[in-house]
Amino acid sequence: MSKKQRLVEFNASNILAAAKELFSEKGVAQTTMDDIAKKAEYSKSTIYAYFESKDEILNYIVLDHLVLLKKNIEDCLRFSTQFPDSFFAICCTVARFYSEYPMYFETLLSEMKIPEFRSNTLLSQIYTLNEQICETIEVYLKICVTDGYVRELESPPQATYILWSAICGIIESAHKKENFIRHKMGISKEEFMKNGFQLLLESIRAGVGENAL
């Protein structure tokens, strides 16, 4: 890597780090490009030399976090090979991701528009990573079906998306409705998530019920 390339990466990294900190402190909507320039100690024109817009900066950060989440889920399946340990490991990994990066967790639930062209654009990469996360879980479910741990699935892609949506929904509800859960149910958000994950597990476990997902 040339000296110029190292400088470009260094400056871009500094800008992204400043933006990430501001997004966490103030929120994305309340953060301006002027704020990012000031935080990164660059001129505003320098910021625009590296990034077209605040949205592009946000997408770079989202992409980095999705890469991390994908790796963590793959690590779960690599090191927790026994069902249901691997299932709970995935759930706990996603829950930990929410706790550490609640702002970027929203990208797991938000609408992902299919890119018109499969180019190397940021949005295309983000879309592909979301697909790859679901594909990783789908492969895992198929293996569990073959091994006799999970019931036969009528549509593995559909079952995967339902399961993924349910895991994310339980986690989001546990955090956003923590006070209600504690007051109404007398349990912590951690207990709520654990109970929810257990219900999901029972819904796919082999030998439970007749109807396949």
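The values are calculated or read from the model by the stated rules, or taken from the named source; none is laboratory data. Small disclaimer: the values here were computed from a predicted structure and weren't measured. Counting neighbours? That spans all protein chains shown, and the Cβs are built from the backbone with ideal geometry, glycine included. Side chains included, ligands, DNA and RNA excluded: accessible areas come from the protein's heavy atoms. Shrake-Rupley method; radii C 1.70, N 1.55, O 1.52, S 1.80 Å.
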Probe 1.4 Å, protein heavy atoms only - accessible area per residue of the stretch 26-173 in square angstrom: 54
Express in Å², to the nearest 10, the accessible area of E52 obtained by rolling a 1.4 Å probe over the protein heavy atoms while all chains stay in place. 150
In a Gaussian network model over the chain where Cα atoms closer than 10 Å are linked, find which of Q198, Q30, Q125 has the largest mean-square fluctuation. Q30
Of the accessible area of the chain, computed with a 1.4 Å probe and all protein chains kept, carbon and sulfur make up a percent value of 53
For the chain, what is the calculated [θ] at 222 nm in deg cm²/dmol (nearest 500), taking -39500 (n - 2.57) for each run of four or more DSSP H residues and dividing by its residue count? -24500 deg cm²/dmol
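Please report, in cubic angstrom per residue, the volume enclosed by the convex hull of the alpha-carbon atoms of the chain. Write down the numbers at each step before the final one.
Values: hull volume 33.2 nm³, N = 213.
Per residue, the Cα convex hull of the chain comes to 156 Å³.
Between D147 and L199, 0.36 nm times their residue separation minus their Cα-Cα distance comes to what? Walk me through the numbers before you get to the answer.
Numbers: separation 52, 0.36 × 52 = 18.72 nm, distance 2.07 nm.
Full extension of this stretch gives 16.7 nm more.
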Surrounding net charge for I162, when Lys and Arg each add one and Asp and Glu each subtract one, Cβ distance under 14 Å: -1
Fully extended, how many nm does the chain gain between E21 and F79 (0.36 nm per residue separation, minus their Cα-Cα distance)? 17.7 nm
Length added when fully stretched, E41-C134, from 0.36 nm per residue minus Cα-Cα: 29.6 nm
